[in-house]
């Protein structure tokens with residue numbers, strides 16, 4: 001697992017040395033937004049609007065730690081020098097300015113009385129899965145460990161009220177393009193949905209990830225104010241960039257606007273293009289790039305190990321179920337007390 005926002009200079013170097021076809025979004029200029037209330041507590045899930053004088057604008061929601069990464073060049077090709085930053089939550093609003101080139105974080109304090117904190121965290125967790133034939137082993141692992149994941153998440157200190165969702169995809173010539181199963185808090189029902197999923201089809205290498213990410217962001221019933229929204233993207237191939245219709249870069253931008261954080265999991269066989277795109281999506285939305293490791297880097301049949309073919313330096317190694325629990329735990333652990 002690597003955190004490209006934590007080691008941003010290395011991530012930029014990776015982008016510079018990796019020449020693959022992709023959808024370009026310029027993230028070279030990056031600024032951290034931190035939102036707190038008058039008591040100094042972080043403010044999660046606050047609405048953020050960033051606007052230039054020329055009308056170029058972006059939207060975000062702060063994560064569980066009250067933070068969001070802002071990338072002005074990704075939405076403003078004119079590279080304006082000043083941006084107005086407006087933050088809102090529960091009727092409170094504060095405005096400040098981002099000056100291009102500033103070294104410090106954009107700190108915003110929301111004055112006024114905070115809204116009532118929920119006694120339990122609310123977690124919306126989606127598995128976005130490539131369900132083509134080469135993904136059989138990974139899907140089987142997820143089926144076998146779902147209850148363990150759910151049990152360990154339920155035991156976290158925040159005692160989250162968790163809803164699970166599933167979006168599975170294949171390709172245009174297969175039995176289905178995208179199948180969407182909306183959120184449920186019924187674990188037995190969700191296990192049944194997951195158990196019914198079969199890995200099949202595919203054919204050519206790229207798959208319908210664009211269409212599936214679009215449905216994940218726009219067509220699921222994400223809960224509103226105060227929820228932590230996470231996606232685990234599990235895939236071993238890049239999206240079809242030659243199809244018309246939705247494109248992943250537009251929907252990673254939309255995901256940030258809705259406060260949806262994507263953790264991209266590179267399964268066996270993911271090539272350089274797939275790695276590049278998965279890391280784009282994770283970095284922009286504030287998530288991380290996770291990949292499966294093996295005893296022999298280029299041989300998934302060699303069994304679990306510590307080796308990888310991916311272009312990464314420092315990384316940690318855990319099984320998929322433990323990684324998911326760890327990611328959820330770290331996200332929910334950022335929430336303020338009572339939230």
Inspect region 164-174 for any residue being within 15 Å of residue 240 (Cα to Cα) and within 19 Å of the chain's Cα centre (by Cα) and give the result as yes or no.
yes
Of the residues in region 147-161 that are under 20 Å from residue 192 (Cβ atoms) and touching a helix residue (DSSP H, G or I) at 6+ places or on another chain (Cβ under 6 Å), the one that is surrounded by the fewest Cβ atoms within 10 Å (Cβ to Cβ) is 148
Quick one: how many residues across region 2-57 are touching a helix residue (DSSP H, G or I) at 6+ places or on another chain (Cβ under 9 Å), modelled with pLDDT under 95 and surrounded by fewer than 17 Cβ atoms within 10 Å (Cβ to Cβ)?
0
What about residue 250, is it more than 23 Å from residue 122 (Cβ to Cβ) and modelled with pLDDT of 95 or more?
yes
Sole miss for residue 74 among (1) within 30 Å of residue 166 (Cα to Cα); (2) buried (at least 22 other Cβ atoms within 10 Å of the Cβ) is condition (2)
Taking region 58-91 and keeping only residues that are under 30 Å from residue 327 (Cα atoms) and at pLDDT below 95, one is left with 90
Please go through (1) part of a loop (DSSP other than H, G, I, E, B); (2) under 16 Å from residue 107 (Cα atoms) for residue 36 and return the number of the only condition it doesn't satisfy.
(1)
Of all residues in region 270-300 being at pLDDT 85 or above and not in a helix (DSSP H, G or I), the one that is surrounded by the most Cβ atoms within 10 Å (Cβ to Cβ)
287
By residue number, the members of region 169-194 that are closer than 17 Å to residue 238 by Cβ and assigned to a strand (DSSP E or B) are 169, 178
Answer with yes or no whether residue 232 is more than 20 Å from residue 24 (Cα to Cα), at pLDDT 95 or above and touching a helix residue (DSSP H, G or I) at 6+ places or on another chain (Cβ under 7 Å).
yes
Among (1) in a loop (DSSP other than H, G, I, E, B); (2) closer than 29 Å to residue 238 by Cα; (3) free of Cβ contacts under 8 Å to residues at least 12 places away in the same chain, where does residue 26 come up short?
(3)
Matching strands (runs of 3 or more DSSP E) fully within region 55-117 where at least 3 residues are in contact (Cβ under 8 Å) with a residue 24 or more places away in the chain and within 25 Å of the chain's Cα centre (by Cα):
57-61, 67-70, 82-89, 106-110
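The values are calculated or read from the model by the stated rules, or taken from the named source; none is laboratory data. All of these numbers come straight from a predicted model, not from anything done at the bench. Neighbour counts run over all protein chains shown; Cβ positions are idealised from the backbone, glycine included.
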